[in-house]
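Taken together, the values in this text are just the output of simple stated rules run on the coordinates, not laboratory data. Only a predicted model underlies this, so the values are computations on that prediction, with no experimental measurement involved. So basically every Cβ, Gly included, is an ideal-geometry build from the backbone, and we count neighbours across all protein chains shown.
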Amino acid sequence: MENKNLWVLALSEKGKLLDVSAEIISMARSLGKEMKEEVVALLIANENTEELAKEALSYGADKVCLVKGEEYDHYKTLPFTNVLDKMIEKYAPLAVFIPATANGRDLGGRISARRSLGLVADCIDVKSAKDSKTIDWVRPTFDGKLISTIRISTLPQVGTIGLGVFKKRLIENPKTEIFEEQISYEGPASGYSIIEHVEKKIPREKDLSQAKKVIGMGMGLKDPENFKIGQALAKELGASVGFSKPIIDKGWEPSQMQVGVTGKKLKSKLYFALGISGARQHTAGLKDVDVIIAVNNDKDAAIFDVAHYNVVADLFEFVPKLTEKLKNM
Ligand SMILES: Cc1cc2nc3c(=O)[nH]c(=O)nc-3n(C[C@H](O)[C@H](O)[C@H](O)COP(=O)(O)OP(=O)(O)OC[C@H]3O[C@@H](n4cnc5c(N)ncnc54)[C@H](O)[C@@H]3O)c2cc1C
């Protein structure tokens, strides 16, 4: 069977389509037009399925493939992998796009291993290659120092894409085709059962996606002991604090404090970037910030290309002085 069509795993939570699913469907619609392929949203859910399917269509899916059942109430690795595996077997998609959420990453790895498929994780762009059947998957490599374009030689081509990489767009006159597949899970037990779902409550001042002002700190701070410099400035400005990924990777701060493509996307009025180089994966989280002020002692730092105000200075000298000035105002 010839592989065709672009499939998007439309992940949902509590009966609502995840934003990242909507964004990927919108992207797939444009790509599908270019590649002359249809976009099929694969919806695996139990709750509110009709509304979910309509939502997926409203962002540009040509069809929704609905797999419904109690076992799909919450994400579970083996039942979800089983569905995707069966759908790939039956429909032979040309590509499968998976949201790079914790669950999507889990499923991507599973399906790739089960079917021996190449997978490109955390893509920051996808394009149609010249032959129109191959996709160019763009992602950072070597810890963000290179941006690589990767092609996959197995079919379907599989990739994961994070929140905020693409924009979701509602379309006019969405299509209406929803087809259902009955797939019950009969494989080995998952080895665990879910007793209860407890939502992690993030205190308002720590919810970076809602913050009006954010002080971002990066490896230029050198040691967690020095975070107090940024925290003092945050206190004066009534701002929240966020961090670049290496700080999180070192275990110095919790993951919900990370800014960037694999962290939080900010919508704040003000962002201070202290000792942050300005890698693309970091600045991807700043697209909706009104004013960016960067402090860096390297005049060629990439952060200065996106900042509105550039301060070429040693942050250990500049920031305490600024904080002191604000205190006395
Ligand atoms: C798949 C993938 C996803 C990623 N996702 C993210 C993400 O979501 N968020 C993210 O942040 N990163 C992400 N990264 C990592 C990213 O590529 C960069 O490595 C990271 O953002 C660099 O962090 P940094 O700017 O704090 O550190 P560095 O690159 O080490 O920069 C430190 C900066 O501090 C400056 N500095 C040093 N001393 C001083 C001083 N005394 N005064 C002033 N300035 C000083 C330096 O000039 C330098 O510019 C990702 C990478 C990959 C591969």
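The amide H of V241, built 1.01 Å from its N in the peptide plane, has I215 as neighbours under 5 Å, considering only residues 5 or more places off or on other chains.
Rounded to the nearest whole Hz, the Karplus-based 3J(HN,Hα) values (6.51 cos²θ - 1.76 cosθ + 1.60, θ = phi - 60°) of the range 285-302 follow the sequence x, 10, 4, 9, 8, 6, 10, 10, 10, 10, 10, 8, 8, 9, 5, 9, 4, 4, with x at glycine and proline. Of the trypsin sites (Lys or Arg not before Pro) found in the range 1-36, those in coil by DSSP whose Cβ has at most 11 other Cβ atoms within 10 Å are K14, K36. Treating r as the C-beta distance of K201 and K36 and R0 as 56 Å, the FRET efficiency rounds to 0.75. From helices alone, the chain scores -8500 deg cm²/dmol at 222 nm; the rule is -39500 (n - 2.57) for each run of n ≥ 4 DSSP H residues, then divide by the residue total.
Applying both filters, DSSP loop and at most 16 other Cβ atoms within 10 Å, to the trypsin sites (Lys or Arg not before Pro) of the range 144-249 gives K145, R151, K167, R169, K175, K200, K201, K212, K222. Relative to the first principal axis of the alpha-carbon coordinates of the chain, what is the inclination of helix 102-115, with its axis defined by its Cα atoms, in degrees from 0 to 90 and to the nearest 10? With rounding to tens, the tilt is 50 degrees. Rounded to the nearest 0.05, what FRET efficiency do D125 and K267 give with R0 = 30 Å and r taken as the Cβ-Cβ distance? Could you check? Approximately 0.85, to the nearest 0.05. Using θ = phi - 60° in the Karplus curve 6.51 cos²θ - 1.76 cosθ + 1.60, the 3J(HN,Hα) couplings for the range 173-185 round to 6, x, 6, 10, 6, 10, 10, 9, 10, 8, 9, 9, 8 Hz; x is entered for Gly and Pro.
Applying the Karplus relation 6.51 cos²θ - 1.76 cosθ + 1.60 with θ = phi - 60° to the range 16-29 yields 3J(HN,Hα) values of 10, 5, 5, 3, 5, 5, 4, 4, 5, 4, 4, 5, 5, 4 Hz, where x marks Gly and Pro.
Using the average count of surrounding beta-carbon atoms within 10 Å as a protection proxy, the listed peptides 96-103, 281-288 rank, highest first, as 96-103, 281-288. Beyond 32 Å in Cα-Cα separation lie the following of the pairs K167/K222; K36/K213; K228/K269; K76/K245; K86/K267; K33/K212: K167/K222; K36/K213; K86/K267; K33/K212. Remark: the E89-K250 segment gains 53.9 nm on full extension, using 0.36 nm per residue and subtracting the alpha carbon distance. Mind pulling the angle between the C-alpha long axis of helix 49-58 and the longest principal axis of the chain? Nearest 10 degrees, somewhere in 0 to 90. Relative to the chain, helix 49-58 is tipped by roughly 70 degrees.
For I171 and N328, the FRET efficiency from 1/(1 + (r/R0)^6), where r spans their Cβ atoms and R0 equals 45 Å, is about 0.25.
Beta-bridge orientation, the chain: approximately 20 percent antiparallel, per DSSP, counting only bridges with both partners inside.
Compute the Cα gyration tensor for the range 70-147, then decide on rounded, prolate or oblate, letting a ≥ b ≥ c be the square roots of its eigenvalues: rounded whenever a/c is under 1.5, prolate when a/b is larger than b/c in the other cases, and oblate in all that remain. Judged from the Cα gyration tensor, the range 70-147 comes out oblate (a/c at least 1.5, b/c at or above a/b).
Let me know the longest stretch in the chain that avoids all GluC sites (Glu not before Pro) found in a DSSP loop with at most 16 other C-beta atoms within 10 Å.
Numbers: sites that count: E2, E47, E172, E181, E186, E196, E199.
The reported range is 200-329.
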